[in-house]
1. Touching a residue at least 40 places away in the same chain (Cβ under 8 Å), open to solvent by 20 Å² or more (accessible area, probe 1.4 Å) and more than 24 Å from residue 561 (Cα to Cα): does that describe residue 372?
2. Tally the residues that are β-branched (Val, Ile, Thr) and modelled with pLDDT of 95 or more, restricting the search to segment 97-131.
3. Check off (1) assigned to a helix (DSSP H, G or I); (2) open to solvent by 40 Å² or more (accessible area, probe 1.4 Å) for residue 175 and give me the number that stays unchecked.
4. Restricting attention to segment 527-538, report how many residues are open to solvent by less than 40 Å² (accessible area, probe 1.4 Å) and more than 15 Å from the chain's Cα centre (by Cα).
5. Looking at segment 625-671, which of its residues are small (Gly, Ala, Ser), more than 18 Å from the chain's Cα centre (by Cα) and within 25 Å of residue 376 (Cβ to Cβ)?
6. Looking at segment 818-827, can you tell me whether even one residue there is modelled with pLDDT of 95 or more, surrounded by 12 or more Cβ atoms within 10 Å (Cβ to Cβ) and over 25 Å from residue 752 (Cα atoms)?
7. Of all the residues that make up segment 453-499, how many are in contact with a strand residue (DSSP E or B) (Cβ under 6 Å, 6 or more places away or on another chain) and without any contact (Cβ under 8 Å) to a residue 12 or more places away in the chain?
8. Mind listing whichever residues of segment 800-844 are more than 11 Å from residue 782 (Cα to Cα) and either in contact with a Phe, Trp or Tyr (Cβ under 9 Å, 6 or more places away or on another chain) or of a type in the set (Ser, Thr, Tyr) (or both)?
Amino acid sequence: MGETKRTFSGVIGGLVGFVAMSAVAGVLIAVGITPALAISSLATSSTINAFENLPNYLKIDELSQVSTIYAVPNTGVPYELASFYDQNRVEVPLAAMNVFVQDAVVAGEDPRFREHGGVDLQGTMRAALAKFTGGPTSGGSSVTQQYVKNVLVQKCEVMPDPDELQKCFEEATDPTEERKLKEMRLAIGVEKEYSKDEILQGYLNITGFGGTVYGIQAAAEYYYSATAATLTLPQAASLIAIVNNPEKFRLDEPESETNGAANGYAANKDRRDYILREMLKHKKINQADYDAAVASLIEPVITEPSTGCQTAGGAAYFCDYVTYQLKTDPTFGADEDTRMTNFRRGGYQIYTTLDIELQMASEAAIAENVPMTASWDVGAVATSVEVGTGRVLTMAQNKMYTQLEVAPGPEYTGINYNTDFNQGGSLGFQPGSTYKVFTLAEWLKEGHPLGERVDSARKANWGTFQDYCDGAQSFPGYNPRNDSNEAGRNYSALESTIDSINTGFLGMAKRLDLCKIRDMATSFGVHRADGDPLQKGASSVLGTNEVAPLSMAVAFAGIANKGITCSPIVIDRIIGADGVEIPAPVSTCTASVEPEVAAGMAYAMERVMTQGSAGQSYRNTSPRVDMIGKTGTTDGSNDTWMSGASTEVATVVGVVSVTGKDNNQRSLDFDSGSAATARHRIWPDIMSVANAKYGGEEFEQAANNVVRGVQVTVPDVRGQSVDAARETIEDAGFGFLDGGVTDSELPAGTVSRSDPAAGASTSTGATVTVYSSNGAQVLLPNVVGQSLDQAKGSLSGFGVVANEQAVTDASQNNKVIAMAPAAGTPATPGGTVTVVVGKTAPPG
């Protein structure tokens, strides 16, 4: 190529630069290298004074490093879920760096590194001369100077304000002699403070290798799927080549025309081979090593570093929840933004509570039973919590995780269905009848036994409910039916729990306080997913608050833990970049109910599993331990739930309508079977693994007074007026319910019968339903022994059906020997009475 012509201004500029750099060189000789020459003509006193007045101390901060989230499987070997970083860097000591790496840096960047005091005088003069003459640019900065520059740039990159960051960066990289002079002064200071090995180690850990890759360890992993210790000679030289000009020499742009796969990464190879020649020149390698290295091809093996939770696969939503927990931990900073910034730069090792085996079982169970997409907005969730610790063991759903603001398809979402809205979750889901356990808890806490009966009749007006927060409340027109159309009028609390009787629980709530039921749910850690206060109307008793599944799992773990609820945690250990353990967030455990109340709850909820609505989940679980549970189905069967626990693990499973649209699951099918029963196929698969791994003990036995209460005999009020019967029953300690009019032989308006019946034993406080007579019945007379005609006369008003039966006693011939209904039975006139007439055989 032709010689480049220089302009007059260019010559003058170069001359000025040369003079300035010459002055710098003189100063370096005078004060940095040989102070005795300070009186020589090479440097003036004013230049020396100006140089010595520059700052010479450089505070070297902790480098930005990769933070990693792990799960620890049974093997004890941590399994990486995801990494987070602003700069992909892993600091390693010099001893963990191949000697080829160290020699390549020194030979290629600063051959006199081991000899000078921070600034290479020959290199500086060569750079100044090149600038003056307009010749090829020659790098004059020593490794120590480059280290100083990188440290200054690193200080800029941690600044949160973009404007301040840009200003800082421009000052740290300003291509002026003034900035160069400051850099040299700091380099001399660094050399006085640190050894050569410490400087080389710091340089190789801080320097950039293109893009977000920083430090030799991350570069080795990224470009060659190796470590800093296992790099070969040509690999080491090619990586150090990148340092000279990261964007020009990087090896992850195979389509590049100047430095791509097609030309063998020519630009990098030229720089690599230069470094290899310098290594040979300075006797760091022999001729054979050199020949083999320059003959080798550059063949990068790009290993994309994991960044963000999308690398965690099915555990991505758990990982996402971990990051939200980190945002609230003051360990990482004063506010949310600072905490995440520090986490992404701090080199933390986060060891989580995730149980990989149980997580895999959860993911598999959902995948086998619920599709990612369907003709409706289907969602499926499963989350498990360890009883007594609050450790979250699993978190799965039927979607693939994405961090994109717009999901690439309906099978993707960035929303965690298991958690609260402010933790990356949804606005929550109605838990349906699984929420009834809090009314059950309040019922037992207030001293009502499981055997106590309440008014369970369906009605359009339930009257007034107590509410200590806002005063008595009524809900005209609220008339929920029972899921299986049960029509009983007087269910016990135990029966209502086993078969999930809506009207039974409303009857229980009538004897309680709606605000106290809400308080009970809160004491078990339950709250609305959207952050609003829990609603406490009559419908809330049946589970209409939108809550996160994780909240319900925590609550069921609290029930299984003898009434002690532990807040959820997802981090077991935190190790800082310096290897020192940092205190992890701890679970807070508080008593929600007394142990005897929890035992009563468990008594009822065990029977939900063995006798009631959760039987399918119970039967399909193996191995089986003592388990408690409760099912839930929301209005229109839009959402279906199975929540339960052993004494060791609590699991909540739900199949939901993500957007809340009406989709009756009882009329929908998946490949695995009915959508409405998918929960009973998923929950057993998860709990089978949990039971096999964690085992389970028997739940505490409930006291007799909790199950049955104090047993009292129901008084006989037959024949009394309704008002008199009410007084008698309430005086005996029972609740009174008017059951209306029924057929009876007793005088109209008087009590004909009660339920439970007179003389029966039941718990004090139970409801006794009283039925009054309409006077429409009479007691059947006894017609046995009468002739058929006499019997018909006695049974006037009734239809008589006669049947004959052979007899041998002549006295029974043509006489009634039996009747049905029996004599003394109340019967309504117009009905039929069957009589049996005896007949002897005719004489033979």
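The values are calculated or read from the model by the stated rules, or taken from the named source; none is laboratory data. Just so it is clear, the structure is predicted and the values come from calculations on it, not from any experiment. All Cβ positions, glycine included, derive from the backbone under ideal geometry; neighbour counts span all protein chains shown. Quick note on the areas: whole protein, heavy atoms, side chains included, nothing else; ligands and nucleic acids left out. Shrake-Rupley method; radii C 1.70, N 1.55, O 1.52, S 1.80 Å.
1. Against the criterion (touching a residue at least 40 places away in the same chain (Cβ under 8 Å), open to solvent by 20 Å² or more (accessible area, probe 1.4 Å) and more than 24 Å from residue 561 (Cα to Cα)), residue 372 does not qualify.
2. 4
3. Condition (1) is where residue 175 drops out.
4. Counting residues in segment 527-538 that are open to solvent by less than 40 Å² (accessible area, probe 1.4 Å) and more than 15 Å from the chain's Cα centre (by Cα) gives 5.
5. 632, 636, 637, 657, 660, 667
6. For segment 818-827, residues modelled with pLDDT of 95 or more, surrounded by 12 or more Cβ atoms within 10 Å (Cβ to Cβ) and over 25 Å from residue 752 (Cα atoms): present.
7. The number of residues fulfilling the criteria is 2.
8. Matches in segment 800-844: 808, 811, 827, 828, 829, 830, 831, 832, 833, 834, 840.
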